[in-house]
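Notes follow once the structure below has been shown.
The values are calculated or read from the model by the stated rules, or taken from the named source; none is laboratory data. What you see is a predicted model; the values in this text were computed from it and never measured. Because the Cβ atoms are built from the backbone with ideal geometry, glycine has one as well, and the counts that use them run over all protein chains shown.
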Amino acid sequence: MDQHLHIIALNIPYPPDYGGIIDIYYKLEALHRLGVKVILHCFEYERPPAAELEDLCETVYYYKRRTGWMANMTTLPYNVYSRKNTALIRNLLRDDHPILFEGLHSCYYLTDKRLSGRLKLCREGNIEHDYYRLLAGACRSLPVKLFLLLEALRFRHYQKVLASANVILAISQTDAAYLQRMFPNKRIEFVPAFHASAEVTAQAGRSGFILYHGKLSVFENEYVAIFLITQVFSRLNCPCILAGMNPSQRIRAAAAPYAHIAIEANPSSGRMNELIREAQVHLLVTFQATGLKLKLLNSLFAGRHIVVNRLMLAGSGLDALCHVADTPEEMIDVCRHLLEEPFTGEEIRRRQSILIPTYTTAHQAGQILQFISDGRKHNSPTRQ
């Protein structure tokens with residue numbers, strides 16, 4: 001019997017170049033390899049429709065977001081209400097296939113009574129009210145800060161809709177534990193982030209530079225980048241590279257006085273892969289213990305030494321593969337030490353033993369199909 005699955009994406013998941021979009025795109029790719037016929041629904045803003053998605057999906061629907069201040073005049077989170085679209089619910093009602101809602105942002109119709117008999121899964125990528133509250137703390141603009149705080153408040157109230165899902169797919173073990181406390185009668189499953197690597201490709205050897213990478217236009221990543229430049233990289237005497245999308249003028253200005261600190265803006269995927277592969281040390285820092293950071297998985301599969309602060313590891317289950325440093329002084333000391341230490345084949349084998357198969361996309365896609373099969377077998381869709 002053919003396996004069909006509706007997936008509702010918060011954005012167009014191509015190109016796969018940041019956070020949640022990477023998780024969605026490689027999920028589509030992995031499910032396609034398993035023969036799943038995906039009916040993809042995605043909201044069109046900032047990105048054009050992508051023909052590449054047609055190769056992975058049986059059907060792709062695009063919907064316009066209702067952006068602007070009018071979409072903010074609601075008690076629902078703006079990021080949810082702006083994705084209300086009557087064409088979406090009409091398309092969902094064309095059949096009785098299972099539905100995967102990608103994050104709370106896409107859950108406007110999760111509680112719709114017309115879907116009460118359907119098997120519904122929800123992918124949790126962040127505890128959203130914590131995420132927006134922490135973003136507000138890193139934001140310098142007062143109007144944006146107030147919006148983020150309001151959005152955090154609305155998401156805290158809104159998360160109760162997850163009770164209408166049959167299965168919640170948590171992206172980290174910490175988030176899974178939180179969701180199990182909030183929804184004790186729900187099936188909560190830890191499914192790590194989907195990503196590009198099917199195997200550990202890290203190369204033994206040694207180079208001479210340190211790398212930080214991420215979407216540099218995001219408030220949190222901008223804050224981290226400036227912290228690393230001013231508190232860590234400025235005090236090292238080796239090449240330090242910050243690479244990612246749309247670095248702000250504040251990041252550029254912070255790095256400008258230091259000849260050994262380079263900003264690589266919007267590198268191609270080939271160049272980013274080269275940087276990840278060749279860096280001697282990946283310095284990965286976050287001040288938000290939310291979700292599971294894709295940059296951590298990418299670096300572990302393809303890079304050499306990994307230095308993180310404890311918040312980066314929260315709920316990942318990957319502590320044994322990383323060097324932990326929480327203060328600038330600790331980061332400097334560990335980086336100096338690792339710059340002199342070749343990355344070895346023994347360390348590569350250790351990664352393989354921990355990452356394979358749990359953190360591979362084929363395994364994760366198989367898990368999702370098993371959850372769908374279990375739900376059908378027990379015939380237990382939640383009634384609204």
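Inspect region 209-216 for any residue being under 21 Å from the mean Cα position of the chain (by Cα) and modelled with pLDDT of 95 or more and give the result as yes or no. It would help to see each step written out before you state the result.
Filtering region 209-216 for residues under 21 Å from the mean Cα position of the chain (by Cα) gives 211-216.
Imposing the further condition that a residue be modelled with pLDDT of 95 or more reduces the set to 211-212.
Looking for residues that are under 21 Å from the mean Cα position of the chain (by Cα) and modelled with pLDDT of 95 or more, one finds at least one in region 209-216, hence yes.
Going by the conditions given, is R123 more than 15 Å from P77 (Cα to Cα) and either in contact (Cβ under 8 Å) with a residue 40 or more places away in the chain or not in a helix (DSSP H, G or I) (or both)? Explain how you work it out, then say what you get.
On the way: more than 15 Å from P77 (Cα to Cα): yes; either in contact (Cβ under 8 Å) with a residue 40 or more places away in the chain or not in a helix (DSSP H, G or I) (or both): yes.
Spelling it out, R123 is indeed more than 15 Å from P77 (Cα to Cα) and either in contact (Cβ under 8 Å) with a residue 40 or more places away in the chain or not in a helix (DSSP H, G or I) (or both).
For A204, indicate whether it is among the aliphatic types (A, V, I, L, M), surrounded by fewer than 16 Cβ atoms within 10 Å (Cβ to Cβ), touching a strand residue (DSSP E or B) at 6+ places or on another chain (Cβ under 9 Å) and within 28 Å of R349 (Cα to Cα).
Values: among the aliphatic types (A, V, I, L, M): yes; surrounded by fewer than 16 Cβ atoms within 10 Å (Cβ to Cβ): yes; touching a strand residue (DSSP E or B) at 6+ places or on another chain (Cβ under 9 Å): yes; within 28 Å of R349 (Cα to Cα): yes.
Answer is yes for this residue.
Output the residue which, of all residues in region 302-316 that are part of a loop (DSSP other than H, G, I, E, B) and either in contact with a Ser or Thr (Cβ under 8 Å, 6 or more places away or on another chain) or among the charged types (D, E, K, R) (or both), is surrounded by the most Cβ atoms within 10 Å (Cβ to Cβ). Don't jump to the end; show me each part of the working.
Here is the first cut: in region 302-316, the residues part of a loop (DSSP other than H, G, I, E, B) are 303-304, 309, 314-316.
Now restrict to residues that are either in contact with a Ser or Thr (Cβ under 8 Å, 6 or more places away or on another chain) or among the charged types (D, E, K, R) (or both): 304, 309, 314-316.
On the way: R304: 26, N309: 21, A314: 19, G315: 19, S316: 23.
Among those residues, the one meeting the criterion is R304.
On the given criteria, is Q384 outside the structural domain of R277 (by TED's automatic domain parsing), modelled with pLDDT under 95 and part of a loop (DSSP other than H, G, I, E, B)?
Spelling it out, Q384 is indeed outside the structural domain of R277 (by TED's automatic domain parsing), modelled with pLDDT under 95 and part of a loop (DSSP other than H, G, I, E, B).
If I filter region 214-228 for residues that are among the hydroxyl-bearing types (S, T, Y) and either touching a Phe, Trp or Tyr at 6+ places or on another chain (Cβ under 9 Å) or surrounded by fewer than 21 Cβ atoms within 10 Å (Cβ to Cβ) (or both), do I get at least one hit?
Within region 214-228 (the criterion being among the hydroxyl-bearing types (S, T, Y) and either touching a Phe, Trp or Tyr at 6+ places or on another chain (Cβ under 9 Å) or surrounded by fewer than 21 Cβ atoms within 10 Å (Cβ to Cβ) (or both)), the answer is yes, since at least one residue qualifies.
Hey, among the residues in region 270-311 that are over 20 Å from Q173 (Cα atoms) and among the charged types (D, E, K, R), which one's farthest from the chain's Cα centre (by Cα)?
In this case the residue turns out to be E278.
Can you give me the number of residues within region 282-298 that are assigned to a helix (DSSP H, G or I) and at pLDDT 95 or above?
Total meeting the criteria: 0.
Please pick out the residue among D333, D319, D326 that is touching a Lys or Arg at 6+ places or on another chain (Cβ under 8 Å) and either surrounded by fewer than 15 Cβ atoms within 10 Å (Cβ to Cβ) or of a type in the set (K, R) (or both).
D326
Where residues in region 339-354 are in contact (Cβ under 8 Å) with a residue 12 or more places away in the chain and not charged (D, E, K, R), which of them is surrounded by the fewest Cβ atoms within 10 Å (Cβ to Cβ)?
Filtering first and then ranking leaves G345.
S217 is checked against (1) in a loop (DSSP other than H, G, I, E, B); (2) farther than 30 Å from I356 by Cβ; (3) touching a strand residue (DSSP E or B) at 6+ places or on another chain (Cβ under 7 Å) and fails just one. What number does that condition carry?
(3)
Give region 110-137 a look and list any residue that's touching a Lys or Arg at 6+ places or on another chain (Cβ under 7 Å) and surrounded by fewer than 18 Cβ atoms within 10 Å (Cβ to Cβ), or say none. Spell out how you get there, then give the answer.
Here is the first cut: in region 110-137, the residues touching a Lys or Arg at 6+ places or on another chain (Cβ under 7 Å) are 110, 116, 119, 129, 136.
Hit for region 110-137 is S116, nothing else.
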